[in-house]
Amino acid sequence: MEARGIGYRYRRQPVLQEVSFTLASGRFHALLGPNGAGKSTLFGLMTRLLALQQGDLRLGERSLRHQPSAVMRHIGAVFQQNALDLDLSVSQNLLYHAALHGMSPREGRLRCGEELERQQLTEHARMPVRRLNGGHRRRVEIARAMLHSPALLLLDEPTAGLDLDSRAALGAHVRQLCRDRKVTVLWATHLIEEIAPEDQVLVLHRGRLLADEPGDALCRRHGGISLTDTFNALTREALA
Amino acid sequence: MTPRDYWYCFLGVQKREWLRFWQQRTRFASALVRPLLWLVVFAAGFRMVLGVSIIPPYVTYITYETYIVPGLCGMIILFNSMQGALSMVYDRELGSMRVLLTSPLPRPFLLLTKLLAMGSVSVIQVYVFLLIARWGVGVRPPLEGYLAVLPALLLAALMLGALGLLIATWVKQLENFAGVMNFVIFPMFFLSSALYPLWRMQEASPWIYQMCLLNPFTHAVELLRFALYLRWNGEAIAITLGVTLVLSALAIGGFRPQRTRLLGAHLG
């Protein structure tokens, strides 16, 4: 996925300004920024919930602006707010998503079984989502996002509302997905502790992209201090 | 995308709506209390003060209960459509809508499919109501009428669903159901032929009569009434169909997720 000169205004206020980056195939990318930095807006644009105003998003040769269907076929998304139907079972939620991607019920059941097995959720397949804990719900959302085998997985603050252990487990799980299935991941967060030194870090602050490089390299370039200090230094520089 | 993809998507959205209907059947059953109260209590009191002459599509004198059944069918669809449209962009359906809108299929197709799915659930409720009216109150349209009214019910559901979506997306002041009830549902329902024939309204006030004629709900109710009694009403069909097309085009073409809560309370 390549973002070229993305700009977005909401009620005349600039939310994103000239944001450009390229996501490397099969790699984990952390989109780091405080609340209000523009992360959700960027996700809205990448998932077509918001219409592009300026710039373009491309997946390979395809443009989201001109070939939205072709691009959306290869994107899986996990939203910040719960997007599961709590009254329906886990498999019913997944089959709904499969149908939205044009899969036949048979194909959907097959893929649903495979993904639930991968996420170790098979025994929960018939359980209403309402009865699952927060960590399991997130994994169901990931299973759903992976159902159509996307090349790019977008996760918007997926650990919101989870306890420390669940957060760590979810992070490890998504990195495993990256390694095993060569999925490109963009993980938005405002929690620096969720980022590993080897992750590619995109720092978004007040709608502008301040950095786009591996976490350890970013720290070295700013004097070998921690990522927290690096982030603080970057945002101070931006404000100056 | 192939026609097969569209078909499976269409089926999947319908199935999800029916599953939700089944999961929440007690809520849907309680939604029938409102029209049944009108049919049993309101109609019992009102038939003493309102005489209904022989007017098409009826060929004989009818009871007041018989007269208001099509209007109450319209009422079920009206309430459901407005409530459904609000929940699509503001509360209960937000998660499902996010998933729906990230499908690779074209957005107009997805929204139309969703409106039809919500409409089909309203239609099930209408049929339950019609059965209760038949066996409980003795309102007995011809049996073939139950089949003939099906496309009319779906058309009315689509029209009112599109209106609901249009209002929910564009009129911020009406984002809660009480506002919609006071400013949309009640005026549409009372300024229509649902509860009283329009000739009565014409006698009472020509001005209100004109407003009733301009109200698309009037024509949807007449369409249901005529279809239920196996009579053709070209004017009602043409107006309901025309309004449905215009409202659907406006609601679907003008749908903007940023005017809803689909991305959360604020953009950040």
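It is to be established whether one or more residues within segment A:134-154 are farther than 20 Å from A:Ala30 by Cβ and of a type in the set (Asp, Glu).
We begin by selecting, within segment A:134-154, every residue farther than 20 Å from A:Ala30 by Cβ; these are A:134, A:136-137, A:140, A:143-144, A:147-149.
Filter again for of a type in the set (Asp, Glu), leaving none.
No, segment A:134-154 has no match at all.
Quick check on my filter: what residues within segment B:80-117 are more than 14 Å from every other protein chain (Cβ to nearest Cβ) and either among the acidic types (Asp, Glu) or crowded, with 22+ Cβ neighbours inside 10 Å (or both)?
Result: B:Asn80, B:Ser81, B:Met82, B:Gly84, B:Ala85, B:Leu86, B:Leu115.
Filter segment A:185-200 down to residues that are charged (D, E, K, R) and closer than 17 Å to A:Pro34 by Cα, then give me how many there are.
So the count comes out to 2.
Residues to consider are A:Arg109, A:Arg131; find the one that is under 20 Å from B:Leu11 (Cα atoms) and more than 11 Å from chain B (Cβ to nearest Cβ). Full working, then the answer.
Values: A:Arg131 fails: under 20 Å from B:Leu11 (Cα atoms).
The match here is A:Arg109.
Name every residue in segment B:1-24 that is of a type in the set (Lys, Arg) and either under 19 Å from B:Pro104 (Cβ atoms) or more than 7 Å from every other protein chain (Cβ to nearest Cβ) (or both), in order of residue number. Please lay out each step first, then the result.
Restricting attention to segment B:1-24, the residues satisfying the condition of being of a type in the set (Lys, Arg) are B:4, B:15-16, B:20.
Listed by number, the residues that qualify are B:Arg4, B:Lys15, B:Arg16.
Can you say whether B:Arg261 is in contact with a Phe, Trp or Tyr (Cβ under 9 Å, 6 or more places away or on another chain), part of a loop (DSSP other than H, G, I, E, B) and not hydrophobic (A, V, I, L, M, F, W, C), as far as the supplied structure shows?
So B:Arg261 fits the description; yes.
(1) in contact with a Gly (Cβ under 6 Å, 6 or more places away or on another chain); (2) over 30 Å from A:Pro14 (Cβ atoms); (3) surrounded by fewer than 19 Cβ atoms within 10 Å (Cβ to Cβ): which one isn't true of A:Gln176, the others all being true?
Here A:Gln176 clears every test but (1).
Among what's in segment A:42-61 and is within 11 Å of another protein chain (Cβ to nearest Cβ) and surrounded by fewer than 17 Cβ atoms within 10 Å (Cβ to Cβ), pick the residue that is farthest from the chain's Cα centre (by Cα).
For segment A:42-61, the residue satisfying everything is A:Gln53.
Return a yes/no flag: does segment B:33-50 have any residue that is at pLDDT below 80, touching a Phe, Trp or Tyr at 6+ places or on another chain (Cβ under 8 Å) and closer than 22 Å to B:Ile132 by Cα.
Within segment B:33-50, one or more residues are at pLDDT below 80, touching a Phe, Trp or Tyr at 6+ places or on another chain (Cβ under 8 Å) and closer than 22 Å to B:Ile132 by Cα.
Let's see how each residue does on (1) within 14 Å of another protein chain (Cβ to nearest Cβ); (2) out of contact with any strand residue (DSSP E or B) (no Cβ under 9 Å at 6 or more places or on another chain); (3) part of a helix (DSSP H, G or I):
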position: B:Ala178; (1), (2), (3): no, yes, yes
position: B:Val184; (1), (2), (3): no, yes, yes
position: B:Ser193; (1), (2), (3): no, yes, no
position: B:Ile208; (1), (2), (3): no, yes, yes
position: B:Phe255; (1), (2), (3): yes, yes, no
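For segment A:86-97, check the following and say yes or no: at least one residue is closer than 30 Å to A:Asp199 by Cβ, surrounded by fewer than 22 Cβ atoms within 10 Å (Cβ to Cβ), charged (D, E, K, R) and modelled with pLDDT under 95.
Restricting attention to segment A:86-97, the residues satisfying the condition of being closer than 30 Å to A:Asp199 by Cβ are A:90, A:93-94, A:97.
With surrounded by fewer than 22 Cβ atoms within 10 Å (Cβ to Cβ) added as a condition, the list becomes none.
Checking segment A:86-97: not a single residue is closer than 30 Å to A:Asp199 by Cβ, surrounded by fewer than 22 Cβ atoms within 10 Å (Cβ to Cβ), charged (D, E, K, R) and modelled with pLDDT under 95.
Taking segment A:1-16 as the region of interest, how many residues are more than 14 Å from chain B (Cβ to nearest Cβ) and modelled with pLDDT of 90 or more?
Qualifying residue count for the region: 4.
Of all residues in segment A:68-83, which are within 7 Å of another protein chain (Cβ to nearest Cβ), touching a Pro at 6+ places or on another chain (Cβ under 6 Å) and in contact (Cβ under 8 Å) with a residue 24 or more places away in the chain?
Once the filter is applied, which keeps residues that are within 7 Å of another protein chain (Cβ to nearest Cβ), touching a Pro at 6+ places or on another chain (Cβ under 6 Å) and in contact (Cβ under 8 Å) with a residue 24 or more places away in the chain, segment A:68-83 yields A:Met72, A:Arg73.
Identify, by number, the condition in (1) hydrophobic (A, V, I, L, M, F, W, C); (2) within 14 Å of chain A (Cβ to nearest Cβ); (3) on the phi > 0 side of the Ramachandran plot that B:Leu263 doesn't meet.
All conditions are met except number (3).
Test A:His101 against the criterion of being buried (at least 21 other Cβ atoms within 10 Å of the Cβ) and either out of contact with any helix residue (DSSP H, G or I) (no Cβ under 7 Å at 6 or more places or on another chain) or facing another protein chain (nearest Cβ under 8 Å) (or both), and give yes or no.
For A:His101, the condition - buried (at least 21 other Cβ atoms within 10 Å of the Cβ) and either out of contact with any helix residue (DSSP H, G or I) (no Cβ under 7 Å at 6 or more places or on another chain) or facing another protein chain (nearest Cβ under 8 Å) (or both) - is met.
The values are calculated or read from the model by the stated rules, or taken from the named source; none is laboratory data. Just so you know, these numbers come straight off a predicted model, no measurement behind them. Note: ideal-geometry Cβ built from the backbone for every residue, glycine included; neighbour counts use all protein chains shown.
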